[in-house]
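No lab work stands behind these numbers, since they all come straight from the coordinates. As the structure is a computational prediction, the values presented were derived from the model and not from experiment. Note that we place each Cβ from the backbone using ideal geometry, even for glycine, and neighbour counts take in every protein chain shown.
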Amino acid sequence: MEKQLFVIKEGFSNTYLVHGVAALIIAGFSFYISDYLPFVFTGIAILLFLAVTGVEIDEKNRRYRKYSIICGMKWGRWMDFSENDKVYLMLSIETMTVFPGGHAFPLSVITPTNFYNGNKSKTITYDVIMENEQCVRLIVNDFSRYKDAQSALRSFQRAGCPVRNKVAEKISENRKRRR
């Protein structure tokens with residue numbers, strides 16, 4: 001019997017980091033309101049910090065979902081796809097400049113003169129993107145590990161979707177150019 005549900009566990013991906021920090025800030029201010037409220041918000045923050053994310057691909061029924069698990073409860077919305085949908089694996093690099101005041105702006109918006117490289121932040125993700133028959137593109141997931149993105153791509157291929165790994169194509173092209 002073939003495996004029907006393919007699961008990619010990303011683990012602790014910090015998806016709810018901002019929410020957890022907000023809960024900690026509320027916990028700090030709630031000391032003035034109540035004796036037990038800070039502990040409630042601190043508990044909520046800990047649960048948000050320990051959230052686990054991943055992707056499930058139902059190859060037989062042709063559907064996928066990005067899921068989250070908090071406190072043992074898993075949720076996420078199932079999205080249908082067909083064998084006519086195209087799936088791409090692409091590299092995404094976002095570079096931000098962080099200014100002394102803590103503000104961050106994309107480099108494409110503001111490029112200040114930098115005398116050192118200490119204020120730049122780079123985020124690299126491997127995006128699995130699905131394009132439907134109307135040429136509408138949806139990001140299935142932005143993986144932090146290339147191996148996980150490749151696994152998702154293979155799963156969509158087993159489900160009958162045409163796939164294209166643009167990251168592997170670029171690596172191959174660069175190797176040929178170096179020879």
Next on the checklist: Can you tally the net charge around Trp78? Count Lys and Arg as +1, Asp and Glu as -1, for every other residue whose Cβ sits under 11 Å from the Cβ of Trp78.
Outcome noted: +2
Checklist entry - lysines within cross-link reach of Lys9: Cα-Cα under 19 Å, excluding same-chain residues under 8 positions apart? => result Lys66, Lys74, Lys147
Item to check | Net charge of neighbours whose Cβ lies under 13 Å from the Cβ of Asp127, counting Lys and Arg as +1 and Asp and Glu as -1 | outcome: +1
Checklist outcome for this item: Here, Asn61 and Ser82, labelled 7 Å along Cα→Cβ, have an inter-label distance in nm of 1.9
Checklist outcome for this item: Taking Cα pairs closer than 8 Å and at least 6 residues apart, the relative contact order of region 1-102 in percent is 25
Checklist entry - Calculated FRET efficiency, Ser144 and Phe31, Cβ-Cβ r, R0 35 Å, to nearest 0.05? => result 0.45
Checklist entry - Which of the aspartates and glutamates could be linked to Lys166 by a straight reach, that is with a Cα gap under 13 Å, when you skip same-chain ones fewer than 8 residues away? => result Asp127
